[in-house]
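The values are calculated or read from the model by the stated rules, or taken from the named source; none is laboratory data. Everything numeric in this text was worked out from a predicted model, so none of it was measured. All Cβ positions, even for glycine, are placed from backbone atoms using ideal geometry, and neighbour counts span all protein chains on display. Surface accessibility is based on the protein's heavy atoms, side chains included, excluding ligands, DNA and RNA. Shrake-Rupley method; radii C 1.70, N 1.55, O 1.52, S 1.80 Å.
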There are 2 protein chains.
Amino acid sequence: MDEQLVKEVLSEPRNQKEEIQALQDTIYVIGGKWKLPIINSICNGNRRFREIERSIPGITTRMLSRELKDMEANKLLKRTVTPTSPVTVEYSPSDYCHSFADIILHMIKWGKEHRQRLKED
Amino acid sequence: MDEQLVKEVLSEPRNQKEEIQALQDTIYVIGGKWKLPIINSICNGNRRFREIERSIPGITTRMLSRELKDMEANKLLKRTVTPTSPVTVEYSPSDYCHSFADIILHMIKWGKEHRQRLKED
DNA sequence: GATACCAGTATCACAGAGTATACCAACATG
DNA sequence: CATGTTGGTATACTCTGTGATACTGGTATC
């Protein structure tokens, strides 16, 4: 584990109440099955609705629509409509959106290692 | 962001399908409102049932009971019963449990920064 | 004797997360 | 002219995660 990060995040003396509240806040924001996969997809360069939809196995049009609306309202991303014909709709990440990069990266790492462990059994 | 980690986790050329699957696997394992707070609590030294319960704001006896059972079955933690009177039950983290440390740490970090941003408005 | 703590289980109930399917208008492609 | 794509909405449904409340049996405390 990254000792520097530990020092940065975990104040001394430890304030466990604050830590668990922070953890619960984060879970509240990115909880659910789809938020992180969507953020990941958009940060990976997917912009169009169907493009994002196709990049996430299992998601339905409805869930994607709902989550995108929600995330736009919370300024996690920007929705841009270009009046071409037919209209072009593009979703792009806000800076805020990039702040999840570390979390996502570590979760990808964990998922890969997890799969590796399962294979070894 | 940690460039070394990026190189380690994100293979070149990128395999986005593998990445999103890894991400979804991780969400599947630690998804829900309580798993990470419980892991965090136990890794922070809480061992007894009521001790863990008190350390997590909002959790009910029932949810804690269910999640602990689930996590014991998945070898995320060990349940030890000492035949004192009344019996002493202790939950302790497995090595596996510690593998979430990075994710939790980054989520705590994000939560703290999030709260800071809200205060600044 | 009343109350409180421990480690839970039982029962009931609900909201909302998530699924399935169909549909729309406008355009492009074969 | 039939089909497919885009960017969604509408409707109906399931289901499970979560919550509220109550209870148990043994012990310790007041």
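Observations, loosely collected:
- Debye, to nearest 20: dipole size of chain B, +1 on Lys, Arg Cβ, -1 on Asp, Glu Cβ: 700
- With label points defined 7 Å past Cα in the direction of Cβ, position A:Ala73 shows copy-to-copy spacings of 3.5 nm, given to one decimal and shortest first.
- Largest-first ordering by accessible area, 1.4 Å probe, given options B:Met63, B:Met107: B:Met63, B:Met107
- Taking the inverse of the mean 1/r over every pair of distinct Cα atoms in the protein assembly as shown gives a Kirkwood hydrodynamic radius of 19.5 Å.
- With protein chains left intact and a 1.4 Å probe, residues in the protein assembly as shown average 59 Å² of accessible area per residue.
- Partner shielding of B:32-44 amounts to 3, given as the average count of beta-carbon atoms from other chains within 10 Å of each residue beta-carbon.
- Using a 7 Å Cα-to-Cβ projection, A:Pro57 label spacings across copies, nm, ascending: 3.8
- Measuring r between the beta carbons of B:Arg14 and B:Arg62 and using R0 = 30 Å, the FRET efficiency lands at 0.10.
- 24 Å Cα-Cα threshold exceeded, pairs from A:Lys17/A:Lys69; A:Lys75/B:Lys119; A:Lys112/B:Lys35; B:Lys33/B:Lys75; A:Lys7/A:Lys33; A:Lys17/B:Lys33: A:Lys17/A:Lys69; A:Lys7/A:Lys33
- For segment B:31-120, the pair-distance distribution built from all alpha carbon pairs, in bins 5 Å wide starting at 0, is 3, 13, 23, 23, 18, 10, 6, 3, 1, 1, 0 percent.
- Solvent-accessible area buried by pairing B with A, both sides, nearest 100 square angstrom, 1.4 angstrom probe: 5000
- With both labels modelled 7 Å from their Cα along Cα-to-Cβ, the A:Ser99 to B:Glu120 distance reads 0.8 nm.
- With all protein chains in place and ligands, DNA and RNA left out, the 1.4 Å accessible area ranks B:Arg50, A:Arg48 as B:Arg50, A:Arg48, largest first.
- Dipole of chain A [Lys/Arg +1, Asp/Glu -1 at C-beta], most positive-end residue of A:Leu118, A:Pro83, A:Ile103: A:Pro83
- Cα gyration tensor category, rounded, prolate or oblate, for segment A:49-94 with a/c compared to 1.5: oblate
- Copy-to-copy label distances for B:Ser85, where each label lies 7 Å from Cα along Cα-to-Cβ, are 8.9 nm in order of increasing length.
- Segment A:16-113 - percent relative contact order, Cα under 8 Å, separation 6 or more: 25
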